[in-house]
Amino acid sequence: MKKSLILSATMLTLLLSGCTTNSSSQKETSSSSKTSTRTIKTSYFQNLSNSAKRNVKFTFKLNQDDTEDNTADPVYVVSATIKNNTNKNIKFDQSKFICVLPSNKIISDKTGTLTIKAGETKSINQLFQKMPEQGTLGNGYIEYLNSDNKLAYTKFTHNIASSNNLTEQKLITQNKNTTANSTNDDMDSSESSSSVENSSSSESSSTQSTTSSTALTESQAKQILRNWAKSRGNGDDDFGGTSLDDLNASEGDNGSWSFVNDDGLAWGVSSTGKIHAPGDPIQ
């Protein structure tokens, strides 16, 4: 009788233990199922927190466009690679990428929505077209939608500019006065890029009426003049035998600048970046 009771108690204990194990296993399976079906949030880039934005890495690559007329200044296209290191899916309106330069801005020619999943990397081919050479040296920046979303300064080193350069103090200072209001917002991307493409041509030195622009700083005007000289195979010391840094600079009307050597030869830089060299016809 005692043996029978002991056996019954042992079987009951084993039965209860099995039920407990099965219940625990079912709970773990249910919990795992809920975790695997959890929805990943999707947000537009501009709606991310600042810390999340820093976890989205942008790399911009420069390529010369030989289909364009490069006789005056080289013309480039800029492609982008975006790596999403956040735990969210991120969306971009591809038409809202903007390259802001001192005298104008270039709007992306792309359209449609780009979605990049968490942990994913995607590229946009030829995001910007007709990028002028003077727009590749750090005088400007690339943004998404507005200046709250700066992606990189346009300082292309070995044809690459990345979001890592946003912390470089030299570029921050250099672009202190560069804003997206450089030109009339009604100017479309083809007009604005054409304006910069021709900015260094001495033949286009007229003061024709254009949309309003902000004044250039002396350093910006000097950099445009330096790029203009470089495009013609001249060095910084080939301004009538005088170095560019030794020219006498004076600010003119409407944000233009004049650089004069000791012999009275003058090089003018308009607020839109157009050059008037000695000997150019006055229009």
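The values are calculated or read from the model by the stated rules, or taken from the named source; none is laboratory data. Just so we're clear, the structure is a prediction, and the values are computed from it rather than from any experiment. Methodologically, a virtual Cβ is constructed for each residue, glycine included, from the backbone with ideal geometry; neighbour enumeration extends over all protein chains shown. The accessibility values were calculated without ligands, DNA or RNA, using every heavy atom of the protein model including side chains. Shrake-Rupley method; radii C 1.70, N 1.55, O 1.52, S 1.80 Å.
Observations
- When residues in region 157-167 are screened for being within 11 Å of the chain's Cα centre (by Cα) and outside any strand (DSSP E or B), 3 of them pass.
- Number of the condition not met by Leu114 [criteria: (1) within 14 Å of the chain's Cα centre (by Cα); (2) modelled with pLDDT of 95 or more]: (1)
- Meets criteria (closer than 28 Å to Leu216 by Cβ, open to solvent by less than 10 Å² (accessible area, probe 1.4 Å) and either in contact with a His (Cβ under 8 Å, 6 or more places away or on another chain) or not in a strand (DSSP E or B) (or both)) for Gly135: yes
- Some residue of region 138-158 being open to solvent by 70 Å² or more (accessible area, probe 1.4 Å), closer than 17 Å to Asn227 by Cβ and touching a Gly at 6+ places or on another chain (Cβ under 8 Å): yes
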